[in-house]
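For reference, the structure is listed below as C-alpha cells.
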Amino acid sequence: MGIADKIFGSARDRFGKEVAARVLALDSVARTVYDAENFRVLVFRTPADDSPGVITLDMVFQETRNASAAARRAAVGRLVEVAALPPTPDTWELARPLLRPVLRPPVHDPEIDVVRRPALRYLAEMLVLDSPSAMKYVAPQDLAAWGVDAQQAFDAGHRNLARSVTETLDRARARARAAAETTGRATGKTAGKTTGKPVGKPVGKPADQTAEPEATRLDDSGDFYVTSLPLVEGWLGALRQIAGARPLVFPTSNSVLLLAYESADADRTTARLRDAEREWTESARPLCPAPITVDDDGAATLYEVPADHPAHAAVKHAAILLAMSSYGPQTEYLRDVAASGDPFPASLKGFRSPAGEEFTGTTWSDGIDSLLPHADLVFFPKEGQAMVQIPWDVVAEEVDLTPAEGFHPARYRVGSWPAPEVMARMAARAGGALV
C-alpha cells in the first residue's frame, strides 16, 4: 500500500466515497451509506427508508480505473444521475416501454447484479431502464418483481428500439440517394430528386465518383442508443440492402458508432479501422474497435477477410485488440478469486512475427488443470525441449476442445497433454516436430 492509500484510502474506496457524497447532495436523497465490503452505495430516499436503492460500483470503477481524472468525474456524474432516477417501476406494464438493450464489455463478477447475456464472441448485451435524464441497469430481482424472464425483457427492449432503427435506415437511404445523385452529376446523368437530408458527421475523405457509401459517425443523443443497433435483428441486413455493400459498424464506445461499408479499396477499409481504433483508444468507456457486420444468414458477426486480402492485417489487428480487452479483465478476475484446487486461468497474449504478422497465443502446461482462452496458437512448453506451437484449430480437432460452462468469452478446460502419438500428429500437422 502506498503513502497516498494509507492517508486517503485505496483508489477503490475513494471512488466509492466520492459517489456516496455526490449522491447525498441530491435533494431527493436523505442519506447514503458506502458499503466497502460489497463495493456499492446504498441510497435512502427518506430517513425512515428501509428499502434503499443500490448503486453497484465495480463495473464503472473498472472501466475508468486507468482513465483521466476528467473521465472518472464524468463516470461518477453518470452514477449520480442513476441515483436521481425515479424508483424502478413496480409493474411490468410500467417497466416494459422503458426497456432498452445496450452493448457492453462482458461482466465477469457474478456479484455484479445486472441482467446480461453474450453478444458476439467478446461482447455482452445488457438491459437498462430509459429515462429523459439517464438510464438504469436492470437487475435480476427487477425481473422477478415484474414476473417475467430475461428473454421476455430482452424481446421488449428490442421492440422499443424500432423507432431508432427506422431513423437510421432513413438516414442511410438519404445518404445512398445523395451518393447516387453525386455520381449522376459527375457522369452527366441524373438520379432523380433526393429527398431527406443526410444526417451524421462524415469520417475520412469525402466520397469520390465511385459512389461507394460514405462513412459516418453517429453520436448517441441520449435516447437514440446507436451502439445498441447492431443487436437488433434485421438492422444490419437492411443497411446492406440499401447501400449494396456489407455494413461495417464500430461501436467504439458506449455512445459512439462509426458506420462504414465494405469496399473494394483496401486502403479505405484500413482507414476506417484506424479511425475506429483512435476513437476506441481515446474513449473513457471503450467498447469495440473491431468491425461488426452481417453474414449471409442475416446474423451479426465480427468482420473477417481471407489471409490474402490486402486489409487482412488491419482487420486482424482490430480483432486482437477486442479479444485481449475482453480476456484481460476476465483473466485478472479469475486469478483474483481462484481458490486452492481451482483450474489455472491461462492468459491470452498478443505477438508479432518477424514478418510483421500479428497473432494471439496461450499456454497449455502439462499436468496443470487450466482454463485456456481461445487463441490463434497453443504453446506446449517443456523444460529442455523446443516449445511446440500448434494452431488452435488443429488442437481443437485432435483433442475435441469444448467450452467450459459459465465463461464469456469462452474458456476451455484442459489438464495433462494428449497422448504422445496425438502430440506427434498435431506437431506434424503444424509443420513442426517434437524434440
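Assorted remarks:
- Selected residue (only one of Ala264, Ala260, Ala338, Ala276 is exposed (fewer than 14 other Cβ atoms within 10 Å of the Cβ), under 20 Å from Ala172 (Cβ atoms) and without any contact (Cβ under 8 Å) to a residue 60 or more places away in the chain): Ala264
- Residue match in segment 255-264 (condition: closer than 25 Å to Gly356 by Cα and out of contact with any Asp or Glu (no Cβ under 6 Å at 6 or more places or on another chain)): yes
- The set of residues in segment 404-426 that are open to solvent by 20 Å² or more (accessible area, probe 1.4 Å) and charged (D, E, K, R) comprises Glu405, Arg413, Glu421, Arg425.
- Lone qualifier among Pro247, Pro198, Pro213 - being at pLDDT below 90, at negative phi and touching a Phe, Trp or Tyr at 6+ places or on another chain (Cβ under 9 Å): Pro213
- Checking each residue in segment 49-65 for being closer than 14 Å to Val19 by Cα and assigned to a loop (DSSP other than H, G, I, E, B) picks out only Leu57.
- Where strands (runs of 3 or more DSSP E) sit wholly within segment 66-139, those with at least 2 residues that are open to solvent by 30 Å² or more (accessible area, probe 1.4 Å) and modelled with pLDDT of 90 or more occupy 116-119.
- Considering segment 29-58, and only residues there that are among the charged types (D, E, K, R) and in contact with a strand residue (DSSP E or B) (Cβ under 7 Å, 6 or more places away or on another chain), the residue that is surrounded by the fewest Cβ atoms within 10 Å (Cβ to Cβ) turns out to be Arg31.
- Each residue in segment 400-433 was checked for being assigned to a loop (DSSP other than H, G, I, E, B) and either touching a Cys at 6+ places or on another chain (Cβ under 8 Å) or under 21 Å from Met324 (Cα atoms) (or both), and 9 of them qualify.
- Filter result (of a type outside the set (S, T, N, Q) and either open to solvent by 80 Å² or more (accessible area, probe 1.4 Å) or over 22 Å from Asp113 (Cα atoms) (or both)) within segment 17-28: Lys17, Ala21, Arg22, Leu24, Ala25, Leu26, Asp27
- Leading residue by the ranking (most open to solvent (accessible area, probe 1.4 Å)) among those in segment 140-168 that are modelled with pLDDT under 95 and β-branched (Val, Ile, Thr): Thr166
- Residue list for segment 365-376, filter: open to solvent by less than 10 Å² (accessible area, probe 1.4 Å) and not aliphatic (A, V, I, L, M): Ser370, Pro373
- Within segment 369-408, the set of residues being more than 17 Å from Ala430 (Cα to Cα), under 23 Å from the mean Cα position of the chain (by Cα) and acidic (Asp, Glu) comprises just one member, Glu405.
- Qualifying residue in segment 397-411 (condition: in contact with a His (Cβ under 9 Å, 6 or more places away or on another chain) and of a type in the set (D, E, K, R)): yes
The values are calculated or read from the model by the stated rules, or taken from the named source; none is laboratory data. Every value quoted in this text rests on a predicted model; they were computed, and no experiment measured them. Here the Cβ is made from the backbone with ideal geometry for all residues, glycine too, and neighbour counts use every protein chain on show. All accessible areas refer to the heavy atoms of the entire protein, side chains included, with ligands and DNA or RNA removed. Shrake-Rupley method; radii C 1.70, N 1.55, O 1.52, S 1.80 Å.
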